[in-house]
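The values are calculated or read from the model by the stated rules, or taken from the named source; none is laboratory data. Remember, predicted model here, so these are calculated numbers, not experimental data. Positions of Cβ are generated from backbone atoms using ideal geometry, with glycine treated the same way; all protein chains shown enter the neighbour counts.
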Amino acid sequence: GNSDPNIDSFSSRYHGPPRGGPALRWLRTSPEFFHKRLLAAGCGDLYEIASVFRDGECGARHNPEFTLLEWYRVGFDHHQLMDEVEALVRTLAAAFGRQLGSAERLSYQQCYQRYVGIDPLTASREDLEQALSDCTINLEGLSRDDLLDLVRTHLIEARWSDQQFLFIHDFPASQAALARIHPT
């Protein structure tokens, strides 16, 4: 069911007429793959607000089903897109009577260095396991990327305020899925 190997899909059994194809179907994890096809075909700027589903992602900040805004602007770099997203979020917050603090932008590497003192690009598996040693999680069989995700979700995100306005950019290639890789 999905084009990103780091995201687990929900499957569902289809019970209708056989002409509908295979009985096993999947709920969409993201419209990204389909949007990239449209962009490659020259469709221009596009966005979609969609219900999406991700198996295995549930916690204080994650629900298995959520509404996602997928947004593409042809010719924009990621900093220009962050500017536009920030303007939209500020406009929406103001419409609901909320003021937001200043937005901060950190690279993936800067984020890990600030919040847990680890360079995620060079940290060894042992460094990551040590950082997670106070968490009651079985780390056996997990990949390095899995460990980086756990550091982010259990140690970094746990320190964020609900009022914090933060963009994280320049993820490593192993976690970039269908994104353009930023040369380092």
- Hits in the range 28-77 - residues which are touching a Ser or Thr at 6+ places or on another chain (Cβ under 8 Å), hydrophobic (A, V, I, L, M, F, W, C) and at pLDDT below 90: Phe33
- Check every one of the strands (runs of 3 or more DSSP E) wholly within the range 1-104 and list those with 2 or more residues that are of a type in the set (S, T, N, Q) and surrounded by 10 or more Cβ atoms within 10 Å (Cβ to Cβ). 11-13
- Cβ pairs under 9 Å, 6+ apart or interchain, first in the range 46-58 and more than 12 Å from Ser11 (Cα to Cα), second of a type in the set (Gly, Ala, Ser), ordered by first then second residue, are Ala50/Ser30; Val52/Ser30
- Item | Scope the range 162-177; condition assigned to a loop (DSSP other than H, G, I, E, B) and either within 14 Å of the chain's Cα centre (by Cα) or at pLDDT 80 or above (or both); matching residues | Phe165, Asp170, Phe171, Pro172, Ala176, Ala177
- Query: Of all residues in the range 133-155 being among the hydroxyl-bearing types (Ser, Thr, Tyr) and within 20 Å of the chain's Cα centre (by Cα), which is modelled with the highest pLDDT?
  - Reply: Ser143
- Residues (in contact (Cβ under 8 Å) with a residue 24 or more places away in the chain and acidic (Asp, Glu)) located in the range 133-148: Asp145
- Note on the structure: Being free of Cβ contacts under 8 Å to residues at least 24 places away in the same chain, over 17 Å from the mean Cα position of the chain (by Cα) and under 26 Å from Ser30 (Cα atoms) narrows Gln80, Gln99, Gln113, Gln130 down to just Gln80
